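The values are calculated or read from the model by the stated rules, or taken from the named source; none is laboratory data. Computed from a prediction, not measured in an experiment: that's the story for all the values here. Backbone-built Cβ (ideal geometry, glycine too); neighbour counts: all protein chains shown. Quick note on the areas: whole protein, heavy atoms, side chains included, nothing else; ligands and nucleic acids left out. Shrake-Rupley method; radii C 1.70, N 1.55, O 1.52, S 1.80 Å.
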Amino acid sequence: MRPQQLTWLDDLLFFLRWEGTQVIIHSLERVTMTRMLESKGRCLCGAVSFTAKNVSSHIGACHCSMCRTWVGGPFVTTECGSEVSFEGSANITVFNSSDWAERGFCAQCGTHLFYRLKETQDYFMPVGIFADDSSFLFDHQVFIDEKPEFYAFANKTNNMTGAEAFAQYAAASSQDETRTQ
């Protein structure tokens, strides 16, 4: 699996979708982002395996209370787009966690497999289930204001509160609507 360098000429630094709401964090400078064209992984028991065609090497942590309740700590995740295929899909249970998103897990061993946006079918997958995690770069955290005091990451990351994340989303949505008109 070879990472491919993509240069983004727009102002996109990274994005993380939280609870069906696209949170976009903008930078005013040109950014080079590493993308892996394809990555594979599986659940703990092996009943479910997957291939994700467009996995971002940039990972982040969501500290919102829903994600922390779901995974028992911060949800350390990467964006995988909509091209994710599963083997053993009969072993996947999907929980309808909100009007806009659902969460999938292995019905046999309980491994958290994905957070999926209903409208776009974009997947956000826990980084721990990928077979090769050597290309990941931990560079952002969202809902930092909901992070409990009993843990902290040593990495220097771009941190946003929930309010900042939603404000960025609102601004980005307005820009996206203007671009499509």
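How many residues does region 75-100 contain that are at pLDDT below 95 and more than 17 Å from the chain's Cα centre (by Cα)?
1
When region 31-56 is examined, which residues are found to be of a type in the set (Ser, Thr, Tyr), surrounded by fewer than 19 Cβ atoms within 10 Å (Cβ to Cβ), modelled with pLDDT of 90 or more and under 16 Å from the mean Cα position of the chain (by Cα)? Let's see the steps before the verdict.
Just the residues of region 31-56 that are of a type in the set (Ser, Thr, Tyr), to begin with: 32, 34, 39, 49, 51, 56.
Going one step further and asking which of them are surrounded by fewer than 19 Cβ atoms within 10 Å (Cβ to Cβ), we end up with 32, 34, 49, 51.
Still in the running and modelled with pLDDT of 90 or more: 49, 51.
Hit for region 31-56 is THR51, nothing else.
Filter region 106-126 down to the residues that are crowded, with 16+ Cβ neighbours inside 10 Å and either under 18 Å from ALA61 (Cα atoms) or modelled with pLDDT under 95 (or both) and list them by number.
The answer is THR111, HIS112, LEU113, PHE114, TYR115, ARG116, LEU117, ASP122, TYR123, PHE124, MET125, PRO126.
Does ARG103 satisfy the condition of being at pLDDT below 95, of a type in the set (Lys, Arg) and within 25 Å of GLU164 (Cβ to Cβ)?
No: the conditions fail for ARG103.
Within region 127-144, can you find the residues that are of a type in the set (Ser, Thr, Tyr) and either surrounded by 14 or more Cβ atoms within 10 Å (Cβ to Cβ) or modelled with pLDDT of 95 or more (or both)?
Correct list: SER135 only.
Looking only at region 74-105, filter to residues that are part of a loop (DSSP other than H, G, I, E, B) and at negative phi; which one of those is surrounded by the most Cβ atoms within 10 Å (Cβ to Cβ)?
Going through the qualifying residues, I end up with PRO74.
Going by the structure shown, is TRP70 closer than 30 Å to ALA154 by Cβ and among the aromatic types (Phe, Trp, Tyr)? Outline the logic, then answer.
Values: closer than 30 Å to ALA154 by Cβ: yes; among the aromatic types (Phe, Trp, Tyr): yes.
Yes.
Could you check how many residues of region 124-144 are closer than 17 Å to MET66 by Cα and out of contact with any helix residue (DSSP H, G or I) (no Cβ under 6 Å at 6 or more places or on another chain)?
So the count comes out to 5.
For PHE14, which of the numbered conditions (1) open to solvent by less than 30 Å² (accessible area, probe 1.4 Å); (2) touching a His at 6+ places or on another chain (Cβ under 6 Å); (3) at pLDDT 95 or above fails to hold?
For PHE14, the failing item is (3).
Given the conditions (1) surrounded by fewer than 18 Cβ atoms within 10 Å (Cβ to Cβ); (2) closer than 26 Å to GLU164 by Cβ; (3) hydrophobic (A, V, I, L, M, F, W, C); (4) modelled with pLDDT of 95 or more, which single one is not true for VAL71?
(4)
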